Structures are given as C-alpha cells and as structure tokens.
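Written below as structure tokens is the structure these notes are about.
We did not get these values from a lab; they are worked out from the coordinates using the rules stated. Keep in mind it's a predicted model, so treat the numbers as computed, not measured. Note that we place each Cβ from the backbone using ideal geometry, even for glycine, and neighbour counts take in every protein chain shown.
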2 protein chains.
Amino acid sequence: MSQLSTQPYKGTRDFYPKDMRTREWMFGKIREVVQGYGYQSYDGPMLEPFELYAAKTGEEIVNQQLYHFIDRGERKVAMRPEMTPTMARMVAGQFHELPKPIRWFSIPNLWRYERPQRGRLREHWQLNVDVLGGDSLLADAEVLQLAFDLIKKFGGESKIQIKINNRRLMDQLFQKKLGLNEETSQSVSKAIDARDKIGEAKFTEMLDKAGLNTTQKSDLQKFFECDLEGVSRMVAGPGAEELVKLFEYLKESGLSKQVVFDPTVMRGMNYYTGTVFEIYDTSPENKRAMFGGGRYDNLVGLFGKDKISGVGFGMGDVTLQDFLETHKFLPELPRFVDVFVSLPKPEYRVHAEKIAKELREKGFKVMTPLESSGFGVQLKQAVKHEAEYIILFGDDEFAKGQVLVKNLVKNEQKTVDLKLVASSIAVEKQT
Amino acid sequence: MSQLSTQPYKGTRDFYPKDMRTREWMFGKIREVVQGYGYQSYDGPMLEPFELYAAKTGEEIVNQQLYHFIDRGERKVAMRPEMTPTMARMVAGQFHELPKPIRWFSIPNLWRYERPQRGRLREHWQLNVDVLGGDSLLADAEVLQLAFDLIKKFGGESKIQIKINNRRLMDQLFQKKLGLNEETSQSVSKAIDARDKIGEAKFTEMLDKAGLNTTQKSDLQKFFECDLEGVSRMVAGPGAEELVKLFEYLKESGLSKQVVFDPTVMRGMNYYTGTVFEIYDTSPENKRAMFGGGRYDNLVGLFGKDKISGVGFGMGDVTLQDFLETHKFLPELPRFVDVFVSLPKPEYRVHAEKIAKELREKGFKVMTPLESSGFGVQLKQAVKHEAEYIILFGDDEFAKGQVLVKNLVKNEQKTVDLKLVASSIAVEKQT
C-alpha cells in the first residue's frame with residue numbers, strides 16, 4: 001500500500017493542542033459575552049436536506065460552493081454552508097413551545113467549496129447570534145450592542161467601526177426615488193455590494209449595464225454622499241425613520257463613536273429586510289468587513305404558516321483570529337499542565353499516584369510519568385510538557401512525608417509536607 | 001414551492017437549548033476528568049481522504065456505513081466515521097515536534113450510515129482518549145483508571161464493570177494452543193466477538209464453520225472457563241504476563257472491585273495488539289458494552305517510517321446519555337437565565353440597561369425585555385424564560401435609587417439599593 005499523506009484535506013485545518021487552546025480561548029470569551037445577554041446555545045446536524053439551502057441561500061453558494069451528495073438511501077443531502085436555515089427549521093419545529101423572544105446562539109463548523117485564501121477556508125467555525133420574535137428596534141440595538149461587546153471582550157473596541165444601513169431605505173430609494181423596477185433594483189444592489197472590491201470605474205459600468213440614466217446615477221451619487229439627516233430628507237419614510245431611531249438607541253447606550261451610517265452597506269443575502277450592518281477592521285492593512293448581519297423576516301415561514309421576524313449576525317473564526325493576530329490581541333495562554341508528579345522508583349508508584357489524585361480532586365491538571373527515572377530526566381520531561389510545577393521526592397523525602405515542590409516558571413523550590421501540597425500550590429497560583 | 005420539513009435528517013438530532021445544556025454538562029464533566037490527567041484537546045476536519053479509512057477501519061464500516069463522495073475537485077472524500085485515523089495522521093505529521101508521551105483527547109462528531117436504533121445514530125459525538133509513546137503497561141493502567149474516573153464523575157461507579165482481555169494472549173491461544181492458521185484465527189475472533197449477541201448455539205455453528213475440531217472446541221471452552229491464574233497456566237507467555245501485571249497495577253490503584261478478566265472480550269477493530277477492554281453497564285435491563293478500547297501498535301506507521309505504540313478508548317455520547325438517564329444520574333440543571341431586568345416604561349431603557357450591564361460584568365446571565373410593560377406581564381415573561389431573579393422598579397423605586405429584587409425560585413423579594421444589586425444577588429446565589 002502506498003503511504004498516506006499527513007496533510008489535512010485542502011482548505012481545512014488540523015487543530016493541534018496549541019491551536020485548539022487558542023480556539024477554545026476565543027470560543028470561551030465569545031460564550032461569556034453571548035450568554036451574558038441570556039442567549040442559549042443550540043446545535044443541529046452537519047447534514048441537512050439539499051432543499052433547505054436551495055430555498056433561500058444565495059445562488060453562488062448553492063451552485064458553486066455547496067458540498068452535496070446522494071446518501072445510501074437516495075436522499076440528496078448537503079453539508080451545512082451556513083447555520084441560519086437549520087436555526088429557522090428548528091424554530092419552526094417547536095414554534096409554539098419556545099418562549100419568545102427567542103435568543104439563540106451556536107458556533108457550528110460550516111463547509112463551502114472555496115478557493116482557500118486569507119480569511120476563507122473550506123471548513124470554518126462561525127458564531128451565529130439571533131433574536132426571533134423581537135419586532136421592535138430594541139432587538140436590532142441589542143444585537144449591535146452584543147456584537148460590539150464581543151469585540152470589546154478581546155480588547156479590540158478602538159480598532160473597529162460598525163457600518164449600518166437599512167434595506168427598507170434602499171428599497172424606497174430604488175423604487176420611489178430612482179423609479180427602478182425589481183430587476184434593475186437587484187442589479188444595482190449587487191453593484192453597490194461589490195463597489196468596494198471592484199472600484200469606482202467598474203461600479204459605474206455595472207450601473208450603465210443595469211440601464212441607469214444620468215439623473216439616476218447622479219441621484220445615487222448624491223445619496224451616497226448624504227449623512228443620515230440628508231438621507232431622511234431625500235428618501236423620507238419608514239426605512240430612514242428606523243435608522244434614526246436605531247442611532248438614537250445606540251447613542252443612549254454610549255455607542256456613538258463606534259457606529260456610523262453607511263448607505264453603501266447592502267449585505268449579500270436575499271433574506272435581509274430591514275437593518276443591515278457590517279463590522280470593519282479600521283487598521284489600514286486590513287480594511288474590510290470582518291462580519292455582519294441584519295434583520296430578516298419570514299425565514300421560518302418556509303416551514304409552515306407561522307411567521308416570526310428575526311435579527312442576527314454571523315462571525316467567522318478565521319476572520320476573528322486574523323483580526324486578533326494582526327492587532328496582537330491573542331494573549332500568551334497559561335501553561336496547560338499544572339503539576340508534573342515525578343516517579344523516582346517503580347515502588348513509589350502508588351505514593352505518586354496518591355499525590356496526583358489529591359491534586360486532581362482539587363481541580364489541577366496533573367501529569368505522571370509512565371516510567372520511573374532520576375531527578376534530571378523527570379525535570380526535562382516536565383519542562384518539555386510545559387508543566388508549571390514539578391513535584392520531586394526521593395527516599396529521604398518519602399521517609400519524612402515530604403516532597404519538593406518546584407515552580408518551573410519562577411525557578412523556585414520549597415520542601416512541603418505531603419498534606420499541604422495541594423493547598424500550597426493553590427495559594428501560590430492565586431497570588 | 002412545497003413546504004420544507006422541520007425534521008432533522010434521519011438518524012441525527014437537533015439540540016434545542018434544553019438538549020444542548022445536557023450535552024454541555026456531560027462534555028464539561030468529561031473535560032474536567034480528562035484534563036485532570038493532563039490530556040490535551042485536539043480536533044481535525046470533518047472530511048478526510050477516503051483512503052484514510054480504507055486502510056485500517058473495519059470492512060463493515062467502509063463498505064456499508066461510510067459517508068463518502070467525490071468533491072468538486074474530483075477528490076474522493078469521506079465524513080469521519082471514527083477519530084483514530086485523523087489522530088494518527090496528525091501525530092505522524094508532527095511526530096518529532098510533539099513531546100512524548102502524547103496524551104490527547106477530542107470529542108468529535110462522527111458519521112455512520114446505520115439503521116437508527118437505541119444507542120446508535122448516524123451522527124454521534126464520541127470522546128476519544130489516547131496515550132501514544134507510552135510503551136509500558138502503566139499507560140494501559142492510566143487509561144483504564146481514567147475511564148473509571150469518567151464514570152465515577154457521573155456517580156455511576158457502582159453500576160459498571162470493566163472487562164479486560166489481551167490480544168497477544170488470544171493470538172497465542174489461537175496459534176500455539178489451538179494450532180489455528182491466521183484465517184481460522186480471524187473467523188474464531190469474529191465468532192467470539194459476536195457470541196453475546198448471537199447466543200451459544202450459533203456461536204458453536206460459527207466455530208464448526210471455521211473448521212474447529214472437537215478438541216479445539218473443548219480447549220476453547222476450557223479457556224473461557226479459566227480465571228486469570230488458570231489462563232496463565234494454560235497459555236503461558238507475554239500476553240498472560242501483561243494481564244497479570246496490569247491487574248496488579250489496577251489492584252494497587254484500588255480498582256479491584258470494578259475490573260474483571262474476561263477471555264471473551266475481543267473488540268472488533270483489527271488494529272488492537274495488546275490490552276483490550278470494555279465497560280459494561282451492570283443493570284439487568286441494559287446489560288451490554290457501553291464503550292471500550294485497547295492498545296494498538298503502528299497505526300502511525302501508515303504515514304511514514306516513524307513507529308509509536310498507543311492505547312486509548314472511545315466513548316459515545318448516545319450510549320453515555322442512555323446510561324445516565326437509565327440510572328437517573330442526570331441532575332436538574334440550574335436555571336439558565338440568572339436575572340431578568342424589567343422595563344416598566346420606554347424612558348427607563350437606559351436605566352434598565354445600566355443595571356443589566358453591571359450584572360453582566362459580574363458574570364451573570366441577564367435578559368432584558370424588548371418592550372416595556374407592567375409588572376404582571378414582565379413577571380410572566382421572566383417565569384416563561386425560567387429566570388432565577390427578576391428586577392422590578394417603578395417611578396417610586398427609580399426616584400429613590402432602589403429596585404425590587406425577586407427570587408422566582410424561592411418566591412421571596414426585597415428592596416435593594418441600586419449600587420448593591422449585583423453583590424446582593426451574588427451573595428444569595430452562593431448560599
């Protein structure tokens with residue numbers, strides 16, 4: 001048989017313990033913030049019926065990026081490329097039992113067949129945060145506040161900006177102000193969404209292709225140059241009113257500095273119907289949307305007659321980690337192994353195990369060697385495994401009921417009575 | 001478009017917040033125990049090259065149960081049906097960098113196309129615990145001790161028995177004592193593995209089919225009736241010696257009562273080469289192997305010339321949860337929402353938010369309503385969301401800088417100064 005490769009499948013990552021600790025640290029912080037707002041964790045299966053994505057997930061994803069196949073029972077199934085459809089399915093499944101508003105979060109792994117590049121992999125993890133059944137703009141404000149608190153938790157609050165727009169406002173602009181039909185509106189939407197990437201010349205080209213005349217193009221340009229007040233005059237109506245109210249809430253909550261109205265924010269997904277937002281990294285070398293979300297209506301309606309409105313966002317682990325690394329927000333994590341209990345001679349195994357057991361019961365992470373050896377070898381082992389402490393003992397210490405506790409970080413050691421080992425380390429670790 | 005189903009894909013589960021809390025509680029306990037032994041967490045991608053499983057995973061799994069397909073780049077890929085091959089690939093990938101012995105664990109979700117039934121689903125989560133590079137039997141003893149501690153952590157130590165055998169012993173029995181060739185040995189292995197399920201008559205039939213004569217069958221029967229001492233006489237050699245030594249270690253560690261030598265334990269996987277074991281639920285209505293593992297050699301050798309021996313086990317979440325439910329070891333979990341901060345009038349939003357923010361900073365899970373309403377409605381909301389406390393205030397309380405803190409579990413309430421809300425709840429929750 002030919003030799004197997006040690007590489008992971010293209011566009012995916014192996015998480016060695018070091019990588020895993022970073023991931024768990026990030027997810028731990030995320031969970032603290034999200035659960036602090038009373039959001040509850042849910043999860044669904046990795047495979048879903050293909051139709052679940054055919055319904056509302058964008059064309060590009062379904063046609064070019066979805067992992068799908070026929071199972072052994074002739075069902076057409078797909079590996080989830082996003083979590084929102086699963087969430088909508090689950091909400092529809094227990095619609096009447098679930099207390100409203102529903103505040104849910106999840107950190108699933110998602111699959112898309114992409115060309116691997118910075119910020120984009122084939123398998124990534126994504127925090128999904130959603131409130132359903134919160135029709136008032138307070139839900140939009142809460143989700144934005146929460147997104148901000150997430151970044152703040154990592155120390156990044158001065159490095160980001162939240163750009164906010166409203167789909168209802170855009171619909172009014174397209175239909176009432178510019179007089180576009182639905183097809184042209186969609187083409188113009190796409191052009192605006194792509195503008196940052198393609199540049200001004202190609203953007204104008206796309207508008208021309210969509211059939212916009214000079215007045216329409218100039219109105220659009222004027223719109224882009226408006227602040228919120230100007231927009232409220234130019235395209236008065238519910239969209240602008242929602243935006244004004246939302247900014248009032250955010251100002252009250254002390255978020256004025258970090259949020260900005262941006263009439264060019266569209267968000268790709270078709271299902272957004274109100275507030276849309278994107279969180280930008282403001283550092284010049286990384287100027288792009290890190291993540292975003294918005295308000296969607298009737299997603300749950302795909303599964304039956306029940307209707308419920310929602311607002312939420314998704315934040316990917318790859319983009320987040322890039323952000324944290326760029327700005328050096330990833331701390332050095334404490335050593336994983338608290339104590340290495342040495343084994344000087346085979347006959348001391350039970351003794352060493354007793355010490356280890358007591359330390360484990362106190363919540364310490366304790367490693368024991370799988371063979372006995374002298375001080376030097378055991379010290380090397382403990383250092384190699386990055387233990388914070390090593391417990392050493394020989395015939396003398398054993399006879400006196402003592403051990404040597406050595407702090408490998410501070411390079412200090414002291415002799416401690418057996419009974420006091422756990423409490424001595426606990427006290428030292430706290431200070 | 002026809003209406004979509006709200007059911008999850010066959011053989012999989014939706015984890016609603018209630019289910020998810022149970023899962024997270026179980027996994028949290030598991031992590032505590034495993035990390036207590038200094039095992040570090042790792043993870044790999046959900047998809048692996050098909051060949052990874054074709055190599056060593058059993059025939060039944062690859063031919064009948066593996067989810068595999070061709071990706072958009074013409075690669076033959078599979079959804080992982082077990083974690084060991086991924087672990088072996090990763091160890092081989094950083095063989096020289098990783099400090100030995102390697103102590104790793106993971107709780108991945110795994111996929112097998114099975115007929116869904118009690119204890120078996122198509123997607124399940126499985127704790128994988130492995131020590132690699134620990135050639136001494138102390139590694140086997142540690143893994144068994146750890147498996148026992150896991151069950152103990154859930155309070156189940158009196159409900160289980162660990163049955164232990166040794167593959168080396170079985171090889172000697174087959175080849176030296178019974179004089180079987182490799183093919184016949186494998187057939188007899190399979191018969192022994194299936195014995196509990198198929199019954200004595202069918203078992204004898206399988207032995208006949210394998211070509212065993214009367215003496216061989218009678219020797220096998222005698223072997224089954226032996227205790228460890230008898231086996232050591234009947235099939236003397238390294239297999240029996242390992243068993244004797246392992247039982248000595250386990251006795252020293254105080255595990256005599258829960259471990260038993262069982263010459264009929266085989267474990268299906270081909271890669272086991274030494275100690276094999278299974279953990280049995282001893283309650284009569286549930287008498288079967290919950291999980292198991294053993295020592296394997298040269299798995300890492302599939303990827304190159306490096307050799308390393310390992311011992312480990314896998315424990316599935318479905319079987320574990322069945323066990324915990326059967327024996328009523330699942331506790332009632334504390335309420336998820338700590339505090340519900342009410343909003344009597346829209347103009348108090350900032351005030352309510354300030355209270356919520358302070359509580360969140362202290363680590364509480366805090367929910368706020370998305371619209372203002374009277375005491376009665378808010379109380380109902382808090383109860384519906386299963387909050388432990390509700391904070392109420394009206395014009396009077398606001399004017400005095402106070403709030404009403406109501407414990408919804410004990411149905412007690414008191415008036416508290418604003419500044420003391422967080423500390424008052426913290427103190428009450430601790431007592």
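Some points to look at:
- Once backbone amide H atoms are built at 1.01 Å from N, B:THR273 has B:ARG295, B:TYR296, B:ASP297 as its partners under 5 Å, excluding neighbours fewer than 5 places away on the same chain.
- Within 10 Å of each Cβ in B:42-55, the average number of Cβ atoms from other chains: 6
- Folded to 0 to 90 degrees: helix B:349-361 orientation relative to chain B principal axis, Cα: 40 degrees
- Rounded to whole numbers, the Karplus 3J(HN,Hα) couplings from phi for the stretch A:164-174 are 10, 9, 9, 5, 5, 4, 5, 4, 5, 4, 5 Hz, using 6.51 cos²θ - 1.76 cosθ + 1.60 with θ = phi - 60°, and x at Gly and Pro.
- Fewest-first ordering of B:PHE313, A:PHE69 by other beta carbons within 10 Å of each residue's beta carbon gives A:PHE69, B:PHE313.
- Among the GluC sites (Glu not before Pro) in the stretch A:36-90, those placed in a DSSP loop whose Cβ has at most 10 other Cβ atoms within 10 Å are A:GLU74.
- GNM result for chain A, Cα springs below 10 Å: residue of A:PHE50, A:PHE291, A:PHE393 fluctuating most strongly: A:PHE393
- Nearest-ten-degree value, helix A:182-198 long axis tilted from longest Cα axis of chain A: 50 degrees
- Cross-link partners of B:LYS176 among aspartates and glutamates, defined as those whose alpha carbon lies under 15 angstrom from its own and excluding same-chain residues fewer than eight positions apart: B:ASP219.
- Between the stretch A:1-79 and the stretch B:377-392, the alpha-carbon centres lie 35 Å apart.
- Each of A:VAL350, A:VAL341 was scored by other Cβ atoms within 10 Å of its Cβ. Arranged with the fewest first, they read A:VAL350, A:VAL341.
- The 3J(HN,Hα) values that the Karplus relation (6.51, -1.76, 1.60; θ = phi - 60°) gives for the stretch B:410-422 are, in residue order, 8, 6, 10, 9, 8, 8, 10, 5, 3, 5, 9, 4, 4 Hz. Gly and Pro appear as x.
- Measuring from the axis that maps chain B onto chain A, the chain B residue with the nearest beta carbon and its rounded distance in angstrom come out as B:PHE69, 2.
- Calculated label separations, A:GLN186, copies of the chain, 7 Å along the beta-carbon direction, nm: 5.8
- Label-to-label distances for A:VAL350 across copies, nearest first, come out at 7.1 nm, using points 7 Å from Cα in the beta-carbon direction.
- Within the listed set B:ALA194, B:ALA236, B:ALA356, the Gaussian network model of chain B (springs between alpha-carbon atoms below 10 Å) gives the highest mean-square fluctuation for B:ALA356.
- Separation between Cα centres of the stretch B:321-366 and the stretch A:212-252, rounded to whole Å: 38 Å
- Dimensions in Å of chain A - Rg and Dmax from alpha carbons: 28.1, 95
- For the pair B:LYS257 and B:ALA236 in one chain, pulling the backbone fully straight at 0.36 nm per residue adds 5.1 nm over the alpha carbon distance.
- Per-residue ellipticity at 222 nm from helix content only, as computed over chain A with -39500 (n - 2.57) for each DSSP H run of at least four residues, stands at -12000 deg cm²/dmol.
- Rg and Dmax of the stretch A:337-430, Cα atoms only, in Å: 11.7, 34
- Degrees separating the helix A:238-252 axis from the principal Cα axis of chain A, which is the longest one: 30 degrees
- The lysines whose alpha-carbon is closer than 16 Å to the alpha-carbon of B:LYS197, local same-chain residues fewer than 8 away aside, are B:LYS287.
- Candidates A:SER136, A:SER41, A:SER372: whichever shows maximal mean-square fluctuation once chain A is modelled as a Gaussian network with Cα springs under 10 Å: A:SER372
- Distances in nm from B:ASP306 to the matching label points in the other copies, shortest first (labels 7 Å along Cα to Cβ): 5.1
- Working note: Karplus 6.51/-1.76/1.60 with θ = phi - 60° gives the stretch B:141-151 the couplings 5, 5, 5, 5, 4, 5, 4, 5, 4, 4, 5 Hz, where Gly and Pro are set to x.
- Longest exposed-site-free window of chain B, the sites being trypsin sites (Lys or Arg not before Pro) in a DSSP loop that have at most 12 other C-beta atoms within 10 Å: B:119-286
- Proximal lysines to B:LYS56, defined as alpha-carbon separation beneath 20 angstrom and excluding residues fewer than eight positions away on the same chain: B:LYS76, B:LYS190, B:LYS305, B:LYS307
- Under 5 Å from the amide H of A:ALA236 lies no amide H of any residue 5 or more positions distant or on a separate chain, with H modelled from the backbone and absent for Pro and chain starts.
- Assuming charge only on the beta carbon of Lys and Arg (+1) and of Asp and Glu (-1), the dipole of chain B about its Cα centre is about 540 debye to the nearest 20.
- Under a 5 Å amide H cut-off, with hydrogens placed 1.01 Å from N, A:TYR67 pairs with A:MET79, A:TYR113 among residues at least 5 apart or on other chains.
- From least to most packed, judged by other beta carbons within 10 angstrom and beginning with the fewest, A:GLU142, B:GLU278 follow the order B:GLU278, A:GLU142.
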